[in-house]
Each structure stands twice: as C-alpha cells, then as structure tokens.
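The values are calculated or read from the model by the stated rules, or taken from the named source; none is laboratory data. Nothing here was measured: the structure is a model prediction, and the numbers come from that model. As a convention, Cβ positions derive from the backbone with ideal geometry for all residues, glycine included, and neighbour counts pool all protein chains shown.
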Amino acid sequence: MNTFSALTRRDFTKTSMLAGAALASGAVSTLVADVPAKRIRTGLIGCGSVSNQYLPQLTNCPFVEVVSLCDIKPERARRQAERFKVAHHYPNIEAMLAGEPFDFLIDTTDMQQHEGINRRALEAGKHVWSEKPIGNTLAAGQDLLRIAKAKNLRLWGAPITVQSPQFAFMAKQLAAGKLGRVAAAHADYGHEGPGWSAFFYEKGGGSLPDLAVYNLTSLTGLLGPVKNVSAMLSIVTPERTVSDKGRIKVTEEDNAMVLLDHGQGIISHVQSGFNYFNPNGHNGSKETRHTISIVGSTGFMGLVGYDWEPLGVDLATKNSPTLERHVTDPQGYKWQQGAALAAECLVTGKELLVTPEQALHVLEIITAARESSATGKRIALTSTFKWPIVS
C-alpha cells in the first residue's frame, strides 16, 4: 500500500489507467510490477453489449478477479464466461448471490433494473459499481447510499467523465479565472438511437439517463451543483423497430432541451436525443467538434470530441485570442475503466473523483427536467455534492 501513499486522487487515477493499459498490451513496467497482489472477487451482472466494454478492462486489471457472470438470458452469460474464462455463470441475481462468493458487484443490466439489483447486492453485503443511472428516482438513490453507508459498503455510478485529463485541464482553467466571469455553457450528445433493445425507449429509459447523463456530469463537475432546472422534452419518433421486440411505441423522451441554473449568474444548456444524425455513427468516436463549450467575460473553452472520449481542449482568452489546442493525450483514460478503478480503490483505499453524491445530483436533474417539461414550471433542486472537484 505504501507505493500509493504520496499520490493525489488525479495522479492515482492517471497511474492506474496507465498501468491497466500496460497490462492490456502485455507491456512490462515498474509500476505494474509494484501493484499489490490482492485482488477483489468480482461478479458482473448483465452480459449484453456493455459487458463487451467492461470485461476486457476487468479481466486485465491487477486488482480484480472476475469469479462470476450473470444474465437473465443464460446463453449470454455462458458465452461471456467462455470468452473471458470466468468459472461461474448464473441466470439471475438470486442464484448469483447464493453461488460463488464475491465482494464487488458490477451492474451493466438494462437501466430499468439497476435500482432493484443494486439494492439486492448492497443488502447482501456487496460493494456496487452501477452503470447509469444508480436508481430511478433521487429518493431511491439516496436510500441505496444510506444502505451502503450503514453497511460500510461502497456505491459508485457511471459515468466517469470527471476522471479525464481534459476535464482536469478545463477545471484548472476555470479555477484560475482564465475565462473571467463565467456566463454560459452548452453541451450536447445524440445519435439516431439504438436499434438493439426496446428498453431505451420504454418507461425508465429515454435520452436523458442514457445520453444527457454524460454532459450533466461534466457540466456540474465544471460549474458546480445546479440550483434550478427548466426543460422541454418531446418524442420525435413515436414508433421504432428494435431487434428484441420488433415494432414498439416510444414512451420516453427521445429529444431533450434542459436549462441549468448553477447560481452566481451561470446558466448552462444540455441537449440530447435519439434523432441526431451523426456522420461518425452511433459511437461518435471520431467526433472533432466542440460538444461542450464554456464562455466567460475574458475567454472561451471547448471540449473536442465527446466527454466520454475527449480528444483535446481548445482555449482562447482575451490575452491570447487564437484558439489553441491542449491535452490531446488521453493519458490512459477510457470510459470503460470505471469499475476497474473502483476495484483499485477498494484494494488500495484511495479515492476516485467520481462520487455517488454527484451521480444522485445528476439523477435529480433528470427527474426535475421531466417534471419541468410536464408542468411548465422551473424546478428547484434539493441535492448537492462536494464541489469543486479537486484533482
């Protein structure tokens, strides 16, 4: 453990990411040789598309021993167990909890299932990393965190956009006053909508918890907790054809415009949707425009690419008015590494910048946006989180 005693949270995360990348590539480094031998016994539930992103990171992480997989479609669990050489697989959460012992659950199920599964895991004494969102309402999420604290367990939720070096650079510029009096920000994330599952479009789904959650995490991380929310939501495409159910009716927003009041005069805007043509396709991995922009009285700053896969930050100020690009090196950052980094925290005792309190604040923004759109009212928020996020 002494290897990590002098590391800041940001240095810890950066070092962890680089170590994981070295392991995945087969490279040998002094750091990897020095990591503790202890590994946390881990189970993953939800062996669909997202598991294909998580399992390579987990099975290459020196702090993780993946001992079991679970899926309500047993064939998917069996297939992933064979592919990633995991000894045990189960058809439901009850069988998983009663089976091979483990300490850390990673939840990559459909978003409507997160709240119930996370609760079952915490009540069974497991630490939890959940894909977004942690729960379906602020009250439910707060109850999950209460259970975790009462049992001395850890609860984290995706996304991890605040861990990127680009986020760190932007936060540093804001803290240094490079943009002067910050006035406004804009963020957007959208594509033409997933075609493989109905859950994105059914109750508990929607573009807000699936897409806007990334921008909301980044903007609250940069500008601070939100005081009030106003929003307009709509359904642009009322019916869709998806692989698992065929023709379905869309019941949740596939188009969202959300205004955020951060206090001290700062207003930001997030738009998200499942009707956005993107020449880079669904994953948008080659996006080069500014998907987050912040402007103040003496400067402008734009994030190049999406906040879950940032390519750099452009900055211009009154003293240096030509846009200059910074932080083009990802420094090991990958959005898929959240659960592996959380496992490292469980082993080493260090902390991530990601917190359940911020995840719950973002969840309240989403529920407030829906209430605002339904009522035409501006909605005051009750939750908050520790800010600024210090690296």
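The set of residues in the stretch 137-179 that are farther than 30 Å from P321 by Cβ, of a type in the set (K, R) and not in a loop (DSSP other than H, G, I, E, B) comprises R146, K149. Of all positions in the stretch 182-190, at least one carries a residue that is among the aromatic types (F, W, Y), out of contact with any Gly (no Cβ under 6 Å at 6 or more places or on another chain), in the same structural domain as A316 (by TED's automatic domain parsing) and buried (at least 19 other Cβ atoms within 10 Å of the Cβ).
A121 versus (1) more than 16 Å from the chain's Cα centre (by Cα); (2) in a loop (DSSP other than H, G, I, E, B): which is the lone unmet condition? (2) is the only condition that A121 fails.
For first residues located in the stretch 137-158 and closer than 21 Å to E344 by Cβ, partners that are part of a loop (DSSP other than H, G, I, E, B) and acidic (D, E) and lie 6+ apart or on another chain with Cβ distances below 8 Å form the pairs G157/E131; A158/E131. Which condition number in (1) touching a residue at least 12 places away in the same chain (Cβ under 8 Å); (2) in a helix (DSSP H, G or I); (3) of a type outside the set (F, W, Y) is the one that T328 fails? T328 satisfies all of (1) touching a residue at least 12 places away in the same chain (Cβ under 8 Å); (2) in a helix (DSSP H, G or I); (3) of a type outside the set (F, W, Y) except (2). Does L44 count as buried (at least 18 other Cβ atoms within 10 Å of the Cβ), closer than 26 Å to P194 by Cα and within 21 Å of the chain's Cα centre (by Cα)? For L44, the condition - buried (at least 18 other Cβ atoms within 10 Å of the Cβ), closer than 26 Å to P194 by Cα and within 21 Å of the chain's Cα centre (by Cα) - is met.
For the stretch 249-271, what are the residues that are within 21 Å of the chain's Cα centre (by Cα) and over 20 Å from K377 (Cα atoms)? The one that is within 21 Å of the chain's Cα centre (by Cα) and over 20 Å from K377 (Cα atoms): D254. The listed residues are G224, G206, and the only one of them that is small (G, A, S), in contact with a His (Cβ under 7 Å, 6 or more places away or on another chain) and crowded, with 18+ Cβ neighbours inside 10 Å turns out to be G224.
Of all the criteria given as (1) touching a Phe, Trp or Tyr at 6+ places or on another chain (Cβ under 7 Å); (2) closer than 26 Å to L58 by Cα; (3) not hydrophobic (A, V, I, L, M, F, W, C), the one not satisfied by G349 is (1).
Modelled with pLDDT under 95 and part of a loop (DSSP other than H, G, I, E, B): is that true of T251 in this structure? The answer is no for T251.
Inside the stretch 124-136, residues that are outside any strand (DSSP E or B) and either touching a strand residue (DSSP E or B) at 6+ places or on another chain (Cβ under 6 Å) or in contact (Cβ under 8 Å) with a residue 40 or more places away in the chain (or both) make up a count of 7.
Screening K178, K172, K151 for residues that are in contact with a strand residue (DSSP E or B) (Cβ under 8 Å, 6 or more places away or on another chain) and either over 28 Å from E253 (Cβ atoms) or polar (S, T, N, Q) (or both) leaves exactly one candidate, K178. In the stretch 333-373, of all residues being surrounded by fewer than 23 Cβ atoms within 10 Å (Cβ to Cβ) and β-branched (V, I, T), the one that is farthest from S49 (Cα to Cα) corresponds to T348.
Residue-by-condition table, conditions (1) in contact (Cβ under 8 Å) with a residue 12 or more places away in the chain; (2) surrounded by fewer than 17 Cβ atoms within 10 Å (Cβ to Cβ); (3) part of a loop (DSSP other than H, G, I, E, B); (4) assigned by TED's automatic domain parsing to the domain that holds W196:
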site: L260; (1), (2), (3), (4): yes, no, no, yes
site: Y276; (1), (2), (3), (4): yes, no, yes, yes
site: P279; (1), (2), (3), (4): no, yes, yes, yes
site: S285; (1), (2), (3), (4): yes, yes, yes, yes
site: T288; (1), (2), (3), (4): yes, yes, yes, yes
site: I292; (1), (2), (3), (4): yes, no, no, yes
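Working carefully through the options D143, D210, find the one that is under 23 Å from L259 (Cβ atoms), among the charged types (D, E, K, R) and at pLDDT 95 or above.
It is D210.
Hey, among A139, A148, A121, which residue is within 24 Å of F199 (Cα to Cα), of a type outside the set (K, R), outside the structural domain of T217 (by TED's automatic domain parsing) and touching a helix residue (DSSP H, G or I) at 6+ places or on another chain (Cβ under 9 Å)?
Going through A139, A148, A121 in turn, just one is within 24 Å of F199 (Cα to Cα), of a type outside the set (K, R), outside the structural domain of T217 (by TED's automatic domain parsing) and touching a helix residue (DSSP H, G or I) at 6+ places or on another chain (Cβ under 9 Å): A121.
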